[in-house]
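The values are calculated or read from the model by the stated rules, or taken from the named source; none is laboratory data. Keep in mind that what you see is a predicted model, and the values were worked out from it rather than measured. Heads up, the Cβs are rebuilt from the backbone with ideal geometry, glycines too, and the neighbour counts pull from every protein chain shown. Each accessible area value is taken on the protein alone, full model and side chains, heavy atoms only, with ligands, DNA and RNA left out. Shrake-Rupley method; radii C 1.70, N 1.55, O 1.52, S 1.80 Å.
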Amino acid sequence: MSNTAASTSARSAYAIVGRVLRWLDGIPYAVLALPLRFAVATVFWNSAMAKLANWETTLSLFTDDYKVPLLPPEVAAYMATTIELTTPVLLVLGLLTRPAAFVLLGMTTIIEIFVYPLAWPTHIQWAAMLLVLLCRGAGALSVDHLLQKRFGSLFDSTPAPTLNSGPRS
């Protein structure tokens, strides 16, 4: 193969790679956020279902194995189950996504530190997905987005004007 043919072939390969990268860059965040929301929701929903399947075992685990500080085991079990039942629904709907992600990020931290410290490879995956949702929100395919469109002025980051913000005479 001649040098000219090789350089033409290389340019073609670079052009194809460039087109693929531009196509990937053009994928809307809303499309990327959906699997993040559903994946995290599934993890925590399944955990809630396992807890509810045998509540006596759940209480036993929280009493004997899960050493959550400051909370009685029964309270910790009810709190964990409540969080695992509610936040997945919020994530799937894309409703209050950032607060839900924040709560689940806190729960993931507690699980990592006090319950399963050697499961950090799994927990870091959950944390990565939750951090994206916390920082970027649910995306355009969500109730959050609809609320933002309808009541956007309530969610703006600029402070609302006050009655006394005008010039004084």
- In region 73-111, residue surrounded by the most Cβ atoms within 10 Å (Cβ to Cβ) [restricted to those that are over 14 Å from L133 (Cβ atoms) and of a type in the set (D, E, K, R)]: E84
- Message: Looking at region 49-77 only, could you name the residues that are farther than 19 Å from T108 by Cβ and acidic (D, E)?
- Response: E56, D64, E74
- Among the numbered conditions (1) in contact with a helix residue (DSSP H, G or I) (Cβ under 6 Å, 6 or more places away or on another chain); (2) at pLDDT 95 or above, tell me where A50 comes up short. (1)
- Filtered residues of region 88-133 (kept if of a type in the set (G, A, S) and touching a residue at least 12 places away in the same chain (Cβ under 8 Å)): G94, A100, A101, A127
- Task: Those residues that are farther than 17 Å from A39 by Cβ, out of contact with any Lys or Arg (no Cβ under 7 Å at 6 or more places or on another chain) and of a type outside the set (D, E), I need them from region 103-129; list them, please.
- Result: G106, T109, I110, I113, V115, Y116, P117, L118, W120
- Query: Which condition number does L118 fail, the rest of (1) closer than 30 Å to L146 by Cβ; (2) assigned to a helix (DSSP H, G or I) being met?
  - Reply: (1)
- Would you confirm whether any residue within region 143-150 is assigned to a loop (DSSP other than H, G, I, E, B) and farther than 23 Å from L71 by Cα? no
- Item | Residues that are open to solvent by less than 50 Å² (accessible area, probe 1.4 Å) and assigned to a helix (DSSP H, G or I), drawn from region 44-72 | F44, S47, A48, K51, T58, L59, F62
- Query: Looking at L134, L91, which one is of a type in the set (A, V, I, L, M) and over 12 Å from V40 (Cα atoms)?
  - Reply: L134
- In this structure, is L104 outside any helix (DSSP H, G or I) and in contact with a helix residue (DSSP H, G or I) (Cβ under 6 Å, 6 or more places away or on another chain)? no
- Filter pass, A33 being among the small types (G, A, S) and free of Cβ contacts under 8 Å to residues at least 24 places away in the same chain: no
